[in-house]
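The values are calculated or read from the model by the stated rules, or taken from the named source; none is laboratory data. Everything quoted here is computed from the prediction, not taken from an experiment. Glycine gets a Cβ as well: all are built from the backbone with ideal geometry, and neighbour counts include every protein chain shown. SASA here: full protein model, heavy atoms, side chains in, ligands and nucleic acids out. Shrake-Rupley method; radii C 1.70, N 1.55, O 1.52, S 1.80 Å.
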Amino acid sequence: MHNRLRAVRKALRLNQKCFAEQIGLSQNSLSTIEKNRAPVTEKNVKLVCVTFNVNEQWLRTGSGEMFCASPYEKKLRDICMNLTLENQESLLLVAQELLKIQNRIFSAPHENHIDVIKEDS
């Protein structure tokens with residue numbers, strides 16, 4: 001995991017000091033972790049993922065993409081997994097309608113944005 005942590009930092013073009021400060025570590029602590037001389041703690045994993053929008057699965061295993069597509073993706077997935085199948089279906093229908101509205105708004109001329117919203121109400 002230490003190599004992936006270093007890869008995140010380099011992808012963000014941050015030096016060790018700046019990266020470490022943002023997750024509450026000293027530059028020396030981060031250096032020690034990146035050199036695999038100290039473990040990456042659970043707290044460090046969570047802070048890196050939340051602070052830099054890093055895909056936790058990728059950080060832990062190398063599987064998937066380095067960064068999450070959206071900072072809300074994990075929250076939405078967690079919510080959906082805890083809903084009944086019936087409520088998952090309802091959420092899907094609402095999301096599909098929201099996507100249709102969004103597509104109409106962004107494809108309409110700017111002066112018609114309010115009219116598109118009113119039509120859907």
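Between Lys17 and Thr41, what's the calculated FRET efficiency when r is the beta-carbon distance and R0 is 22 Å? Round to 0.05.
Calculated transfer efficiency: 0.70.
Using the alpha-carbon atoms, what tilt in degrees (0 to 90, nearest 10) does helix 2-11 show relative to the longest principal axis of the chain?
Between helix and principal axis, roughly 60 degrees.
Given a 10 angstrom Cα cut-off, can you work out which residue in Ser29, Ser63, Ser107 is the most mobile in a GNM of the chain?
Result for the chain, Cα springs under 10 Å: Ser107 fluctuates most.
Check Cys68: other-chain or 5+ apart residues with amide H under 5 Å from its amide H, H built from backbone geometry?
Val54, Asn55
Per residue, how many Å² of accessible area does region 11-115 show with a 1.4 Å probe?
73
As I understand it, the dipole of the chain uses +1 on the Cβ of Lys and Arg and -1 on the Cβ of Asp and Glu, about the Cα centre. Which of Leu12, Ser31, Ser70 lies farthest toward its positive end?
Ser31
Please work out the FRET efficiency for the pair Gln57 and Lys10, using the Cβ-Cβ distance as r and a Förster radius of 25 Å; give the result to the nearest 0.05.
0.80
If each of Asp78 and Leu92 carries a label point 7 Å out from its Cα toward its Cβ, how far apart are those two points in nm?
Those two pseudo-labels are separated by 2.3 nm.
Looking at [x] 13, 36, 29, 15, 6, 1; [y] 13, 46, 33, 8, 1; [z] 12, 31, 20, 19, 15, 3, 0, which value of P(r) over Cα pairs in 10 Å bins from 0, in percent comes from a calculation on the structure shown?
Working out P(r) over Cα pairs in 10 Å bins from 0, in percent from the coordinates points to [z].
Counting pairs on different chains as well as pairs 8 or more places apart, how many Lys pairs in region 1-113 have Cα atoms under 30 Å apart?
Lysine pairs meeting the criterion: 19.
Calculated from DSSP H runs of 4 or more alone, at -39500 (n - 2.57) each and per residue, what is the 222 nm mean residue ellipticity of the chain, nearest 500?
-20000 deg cm²/dmol
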